[in-house]
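Asks: First the structure, then my questions, so here it is.
The values are calculated or read from the model by the stated rules, or taken from the named source; none is laboratory data. Every value quoted in this text rests on a predicted model; they were computed, and no experiment measured them. We place every Cβ from the backbone using ideal geometry, glycine too, and count neighbours over all the protein chains shown. When the accessible area is computed, the model is the full protein with side chains, heavy atoms only, and any ligands, DNA or RNA have been set aside. Shrake-Rupley method; radii C 1.70, N 1.55, O 1.52, S 1.80 Å.
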Amino acid sequence: MTLRKFAGLGALLSFAMPGLAMAEEAAAPVLNSGDTAWMLTATILVLFMTIPGLALFYGGMVRSKNILSVMMQCFAITGLISVLWVIYGYSIAFDTTGMEQGVVNFNSFVGGLGKAFLAGVTPSSLTGPAALFPEAVFITFQMTFAIITPALIVGAFAERMKFSAMLVFMGVWFTLVYAPIAHMVWSGNGGLLWDWGVLDFAGGTVVHINAGIAGLVACLVLGKRKGFPTTPMAPHNLGYTLVGAAMLWVGWFGFNAGSAVAANGTAGMAMLVTQIATAAAALGWMFAEWITHGKPSALGIASGVVAGLVAITPAAGTVGPMGALVIGLAAGVVCFFCATTLKRKLGYDDSLDAFGVHGIGGILGAILTGVFAAPALGGFGTVTDIGAQVWIQFKGVAFTVVYTAIVTFIILKVLDAVMGLRVSEEEEAVGLDLAQHNERGYNL
């Protein structure tokens, strides 16, 4: 029945209008199929980054006797974190119970358990900026971030950690480090770093600094691989590494553009700046290596690609194209020197440069976000005082570094005392494929 039917019935119309308005206000939000389709696609792309992307990227860089161990770790982490995420991880990261903007309390650091076991989540549960797509999709999207973060740490201690210890470490680390940091940065008003005003669009602090610092602590606690640095430990299949880097590059559009949680202009700009920064970083690393070592390498350009992807991640939703160009070039050059010169000078054995690329790239990107998010420098953020925002970004970086380093160190030392972290020298010499999994990557 339309309102025209009531024309001339003024009294009845005046009675009906308040009721109609109330009904409209109470109407359930309508699912947006465009946003839903994009978020489904973005979720698949981010999962694609870990399996097979990261598995191939890391797998090609280790020695042939350890390729399966690294790939196995990526697959096992995918399974483990998926299960922990639905049991309690999503709730710890995104339950906002007890949070209040400007008030620091327990729930500023960690979420409650109101969403444990995904309580209350149904096919009709909607979420998003305007409640436009299924909460189940958002849960899975964020799950893929939770999966890749601990998987990145694998690169720092590759070829020497026991598989059993790795599983326990990743489960505990996810619980005590990843989920709380994600909550503090992304859960909204009342989250500690959120209230500070830290800008982290897609995971500079939550994913990359978090994983990079944890990787550095892990490689220091475990110690160097037997024979490092005098024994040659060249990557056994750089073809795998290049294919993996290409998969990461493609998948990262889901990572960054998907973090707009809508099919909108922010997602489009995030896609553009991701491509610009990655290309610039690949060239920056390549030319820095060419000038320093005399020749550009395939491993170098692949590493440069990842450095650019890492550095643009926190900035993807707020910087413009020229800011992305600067961030990418800086990441390529700075990460090259940190993964080569700095590592040699300090002598730590970060096997696959998890810290040199993800830790350093994440820190650089997070700080430069405070600069290039400013509209005065072509950004699309709300930054009016660059100095003040850079200070906020620095505080967010410092907090993440300190928290992650301390908690990771404690977890590793406790596990080492309880079950041991490292394989024996004999197992390390044989290779983890045979020693830990009774398989070979290549049977000739």
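Asks: Share of the chain's accessible area from carbon and sulfur, percent, 1.4 Å?
Replies: Values: 12600 of 18040 Å².
The computed percentage sits at 70.
Asks: Compute the acute angle (0 to 90°) between the alpha-carbon long axis of helix 298-312 and the principal axis of greatest extent of the alpha-carbon atoms of the chain; round to the nearest 10°.
Replies: 30 degrees
Asks: Rounding to the nearest 10 and keeping the result within 0 to 90°, find how far the Cα-based axis of helix 321-337 lies from the longest principal axis of the chain.
Replies: Helix 321-337 and the main axis of the chain meet at about 20 degrees.
Asks: In terms of the Cα gyration tensor, with a ≥ b ≥ c the square roots of its eigenvalues, is the chain rounded because a/c is under 1.5, prolate because a/b exceeds b/c, or oblate? Let's see the in-between values first.
Replies: Details: a/c = 2.07, a/b = 1.70, b/c = 1.22.
Prolate, since a/c reaches 1.5 and a/b exceeds b/c.
Asks: Starting from the amide H of PHE133, placed 1.01 Å from N in the peptide plane, find each other amide H under 5 Å away whose residue is 5 or more places distant or on another chain.
Replies: Long-range HN contacts for PHE133: ASN32, THR127.
Asks: Run lengths n ≥ 4 of DSSP H only: what is the helix-derived mean residue ellipticity at 222 nm for the chain, with -39500 (n - 2.57) per run over all residues, to the nearest 500? Please list the in-between numbers first.
Replies: On the way: 19 runs with 266 residues, N = 444.
That calculation yields -19500 deg cm²/dmol at 222 nm.
Asks: Please list, in order along the stretch 267-274, the HN-Hα scalar couplings obtained from phi with the Karplus expression 6.51 cos²θ - 1.76 cosθ + 1.60 (θ = phi - 60°), rounded to whole Hz, x for Gly and Pro.
Replies: Listing the rounded values in order: 5, x, 5, 4, 5, 4, 5, 5 Hz.
Asks: Go through 230-243, 159-172 and give me the packing order, highest mean Cβ count within 10 Å leading.
Replies: On the way: 230-243: 14.9, 159-172: 19.9.
Final packing ranking: 159-172, 230-243.
Asks: Now a separate question. Within a Cβ distance under 11 Å of ARG440, other residues only, what is the Lys/Arg minus Asp/Glu net charge?
Replies: Details: positive: LYS65; negative: ASP433, GLU439.
Local net charge: -1.
Asks: Give me a comma-separated list of calculated 3J(HN,Hα) values for the stretch 45-60, in order, Karplus coefficients 6.51, -1.76, 1.60 applied at θ = phi - 60°, integers in Hz, x for any Gly or Pro.
Replies: 5, 5, 4, 4, 5, 7, 10, x, x, 5, 4, 6, 4, 6, x, x
Asks: Lys and Arg at +1, Asp and Glu at -1: add these up for the other residues within a Cβ distance under 15 Å of THR140 and post the number. Numbers along the way, then the final one.
Replies: On the way: positive: LYS115; negative: ASP35, GLU135.
Taking every Cβ under 15 Å from that of THR140, the sum is -1.
Asks: Let me ask something else about it. Return the sequence-ordered ³J(HN,Hα) values of the stretch 228-242 in whole Hz as given by the Karplus equation 6.51 cos²θ - 1.76 cosθ + 1.60 applied to θ = phi - 60°, using x for Gly and Pro.
Replies: Using θ = phi - 60°, the values come out as 6, x, 7, 7, x, 10, 5, x, 8, 8, 5, x, 4, 5, 5 Hz.
Asks: Next question. Normalising by the residue count of the stretch 243-347, find the relative contact order in percent from Cα pairs under 8 Å and 6+ residues apart. Show your work: numbers first, answer last.
Replies: Working: 161 pairs, mean separation 34.1, N = 105.
Taking the mean separation of contacting Cα pairs over the length of the stretch 243-347, I get 32 percent.
Asks: Taking only protein heavy atoms and a 1.4 Å probe, what accessible area per residue, in Å², does the stretch 138-248 have with all protein chains in place? Provide the component values of the computation, followed by the final result.
Replies: Values: 2840 Å² over 111 residues.
Per residue, the stretch 138-248 has an accessible area of 26 Å².
Asks: Given the stretch 286-444, report the % of alpha carbon pairs whose separation exceeds 19 Å. All intermediate terms of the calculation are to be shown ahead of the outcome.
Replies: On the way: 8311 of 12561 pairs.
Roughly 66 percent, once rounded to a whole number.
Asks: In percent, what relative contact order does the chain have, based on Cα pairs under 8 Å that are 6 or more apart in sequence?
Replies: Across the chain, relative contact order equals 22 percent.
Asks: To continue, here is another question. Shape verdict for the stretch 30-95, please, from the Cα gyration tensor: rounded (a/c under 1.5), prolate (a/b greater than b/c) or oblate. Spell out each step's value before the answer.
Replies: Details: a/c = 4.35, a/b = 1.73, b/c = 2.51.
Since a/c reaches 1.5 but b/c is at least a/b, the shape of the stretch 30-95 is classed as oblate.
Asks: Checking the cross-link filter: which lysines have an alpha carbon closer than 20 Å to that of LYS162, excluding same-chain neighbours under 8 positions apart?
Replies: The reachable lysines, counting only those whose Cα sits under 20 Å from LYS162, are LYS65, LYS224, LYS226, LYS413.
Asks: So, one more: So what is the relative contact order for the stretch 344-444, in percent, with contacts set as C-alpha pairs under 8 Å and at least six apart?
Replies: On the way: 52 pairs, mean separation 13.8, N = 101.
Result for the stretch 344-444 is 14 percent.
Asks: For HIS437, HIS358, give the ranking by accessible area with the largest first, probe 1.4 Å.
Replies: Working: HIS437 40, HIS358 10 Å².
Order by accessible area, largest first: HIS437, HIS358.
Asks: Once you have a ≥ b ≥ c as the square roots of the Cα gyration tensor eigenvalues for the stretch 171-212, tell me rounded if a/c is under 1.5, and otherwise prolate or oblate according to whether a/b is larger than b/c.
Replies: oblate
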